[in-house]
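To start, the structure itself, in structure tokens.
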Amino acid sequence: MAIPTRGGRGRVKIFRNPFYRRRFKPLDIALAILVAGWVPSILMAVVSYSILARTLESKIVIDRRTLVQTLAQLVSYDLVRTAEIVEQFQNLPAAQQMVQRPCGDAAAQAWLADAYSVHPRFDGMFLTDAAGRMISSVPLDPQAIGKDCAGSLWLEQASKSRGAYVSAVHPRMIDHRLSTFIVAALRAKSGEILGYMGTTLLVERIGKRIAAFKFGEESEAQVIDQDGFPLFDSQFGPNADMNSALDPALLRELRSKYPGHFQFGGKLFSASRIEGTLWTASLEQPLAVAYRPIHDLVSKMSILAGWLIIGTTIAAALVSRLYRNQLLADERISRATLFNEKILANMPIGIALIDPVSRDILQHNQSWLDMMREFGGLPASHDVSRMRLPDVRLEIEELFVQVTASGIPIQARDLEAVSTTGRTHFLTVNLLRIQDAYQKVQGILFLVSDNTEEVTLRRELIGANAAKDQFMALLSHELRNPLSPVIMMVAELEQRLDRSPEVKRAIEVIRRNVELEAHLIDDLLDVTRIVHNKLELKPAVLDAHETIKRSLEICQKEITGKKLEVVLDLRAAEHHVNADPARLQQVFWNLIKNAVKFTPAGRITITSRNDGSRLLVEVADTGIGIDPEGIDKIFTAFEQVERSITRRFGGLGLGLAISKAMVDAHGGGLSANSEGHGKGTTFTVELDTVPAVAESPSPLPAQPNGNDGDGARHKILVVDDHEDTCIGMKILLERRGYAVQIAHGVQAALDLAARDHPDLLISDLGLPDGTGFELMEKIRLRSDIKGIALSGFGTEEDVARSRNAGFTEHLIKPVNVENLDAILKRIFES
């Protein structure tokens, strides 16, 4: 390399780098090696005694602070979560009423038992009056009713606190197990304390949560309450010695230092306040153990520095007898090599070139080496100049052979590898055979990248989507449960009450709104099925005109109520299609209902015509219309063009989205057209026509009779934990002549079945002590009974599972009375 320097008389002389024209003298090399070896060794020893020691000490302190804060958070999790639940009861009118009842009141005990059953993580609950005398408790302790509920532990502090107060630990009255009270005052609007509500949390529950956590070598973790009592023994079990207490001096240090650490009695202590309480979390460790890493580091660094000095001296003596290695290669080749190495070194993915025969690693970048040490099991001490593919423990041997033999690039995605920390990572490996211009194989290019974050995110999204679907199914179940008894009671009222216009109108309003609620639930489930391509169709040849007329009849009341004019012009000559009858009727019903909904006054026109082999059905209205920019949004689930439309007309925005998906599933199309706001909207359905087939009329099923051929009453066992559903089903079936018995759980149903041998089982699938599937399987081991499954879950998996368990039919709540009658008739007449 040329270096310009200024010579005499202002001229610039060019001197060549001496490395290019001579070699080092042995003495030069020896001095350079000694300086390069001794100086870093001495500096390393100094740094190890100063900077590294202090850095490691800071890290030890930070780690201990993290551990003790983790301990505090683990304990706080149970206490704060319980306190939040207790605080929710403070403003409940029902809770305020219960604490004003007399001690031992049965209604208060029943209410408390119901509240306790909703929160299974509590170890007990109690209600007291304003003086702290117990009104009721769960578990019930008759001897404590009307007596002071350990008020000295919590009464004064809970009366001053606006939230929940966590008391000191004490033996629980009913079984003397070590526990704490979490108590909140229930106040009137004036601020007067009406009474107190509290929960019991056992110390052993808290101990189980933190027992599996490792706090370090010879470390002892402890939790101290506000009275200075340590909660746990050495195994994180409840402290059985109620007279034990911390050294007062140590307790003062703990409470004055947190969050922080200090030395006491030859040990290193760390302390942290437990959020929401007056408790303290502490962590102690012998000083010798705590600072052992610092002592080990200093010792090892000193030994290493000494060996480096000795080794450097020996190397200098040997190298001084040798000549300097040959000069750098040609400048052009050197620049090209440097350029390629820079590119390779700065690539974000790991890259290596492997000899296809010897499996030697010919070249690699630092990213590849780091990944192989992290995920491939390559020891950090391994000589990087002698690495071979077998040294890397990744499952790519078979892929390597395939690429070498065929030359076809291979990519392996989501290849699992465990890092040195024990965490599973997901790698993407690409193998590519490299050939020169003469088709000679130069090597196998091995590229690897860590896609753990991408894979983790993808799996989290999949899990979140599955959780959403599960939530939708659970929401459907919970919403359907109360609708079922309403439908049955409406059917019963229609048969029993007088037929005056007022009563008839009231019953019709109830039925119509309940059926509307059930339809909204069905729409939510249909959206989930559509998204996951699980929409099932049962196609049959049907008359589309008849389907349109039936859909129009369903909407006739709304049309009459709004005094709309309906023009029906079904002129299509070919009007038979191969479609699912229920789904196609749902499509036309959605379109007609949509037209009625958004047409305050005017006309609705329904026409049909043929376009070649296609049937075109148009539903046009003169309603509010759609602006051009809103046309693309109306077929999107939960989407409505303007928020004002949602407030004015209601709805979830699902009908049109479901209708389009159903028409698309039939191989057709659904489109919309509007000239703008206030100019109405036209929806067009296109379906392929098919030849008509002859249909044989089938008689309408009669209402079933509860008697068999010999006059004896059929016996039906109804099992459901929803009491109103049982009552409604019993009234409905007994009026039809059946002998009905009711059970609310699996065991009760098994006992009744063994005693009375029913002819039919009607059971909900979700029961308190098991499932309807288990119940049906156990009963069928004793008899060949038939069954009808009831469920608020309407997925295809639930229906299939109920049939596999032995149920003959699967009804989705709310139960349609006409469908139930038809099923009963079919079962008892078969």
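The values are calculated or read from the model by the stated rules, or taken from the named source; none is laboratory data. Note that the coordinates shown come from a computational prediction; the quantities given were computed from them, not determined experimentally. Glycine also receives a Cβ, built like all others from the backbone with ideal geometry; neighbour counts cover every protein chain displayed. Ligands, DNA and RNA are stripped out before the accessible areas are found, and what is left, the full protein with its side chains, is counted by its heavy atoms. Shrake-Rupley method; radii C 1.70, N 1.55, O 1.52, S 1.80 Å.
Note on the range 175-289: Kirkwood hydrodynamic radius from all Cα pairs is 15.9 Å, rounded to one decimal.
Pull up the cross-link candidates among the lysines for K160, meaning alpha carbon to alpha carbon under 30 Å and not fewer than 8 places away within one chain. Hits, sequence-local ones excluded: K147, K189, K257. Of the solvent-accessible surface of the range 545-630, computed with a 1.4 Å probe and all protein chains present, 50% belongs to carbon and sulfur.
Counting other C-beta atoms within 10 Å, and keeping those with at most 15, which DSSP coil trypsin sites (Lys or Arg not before Pro) do you find in the range 358-458? Sparse-neighbourhood loop trypsin sites (Lys or Arg not before Pro): R393, R423, K440.
The 3J(HN,Hα) values that the Karplus relation (6.51, -1.76, 1.60; θ = phi - 60°) gives for the range 356-361 are, in residue order, x, 9, 7, 6, 6, 7 Hz. Gly and Pro appear as x.
The alpha-carbon atoms of the range 756-828, seen along their principal axes, cover 31, 26, 20 angstrom, with the largest extent given first. Under a 5 Å amide H cut-off, with hydrogens placed 1.01 Å from N, G443 pairs with I434 among residues at least 5 apart or on other chains. Scaling the Cα radius of gyration of the range 130-235 by the globular reference 2.2 N^0.38 Å produces a ratio of 1.25. If the Kirkwood radius is taken over C-alpha pairs of the range 397-465, then at 20 °C and 1.002 mPa s the Stokes-Einstein diffusion coefficient equals 154 µm²/s.
Ellipsoid semi-axes for the range 564-613, based on the Cα gyration tensor and the rule √(5λ), read 23, 16, 7 Å when sorted largest first. Couplings 3J(HN,Hα) of the range 822-828, computed from phi: 5, 5, 4, 4, 5, 5, 7 Hz, in residue order, whole Hz [Karplus 6.51 cos²θ - 1.76 cosθ + 1.60, θ = phi - 60°; x for Gly and Pro].
The alpha-carbon of K549 sits under 23 angstrom from the alpha-carbons of these lysines, leaving out residues fewer than 8 places away in its chain: K538, K557, K562, K563, K593, K597, K660.
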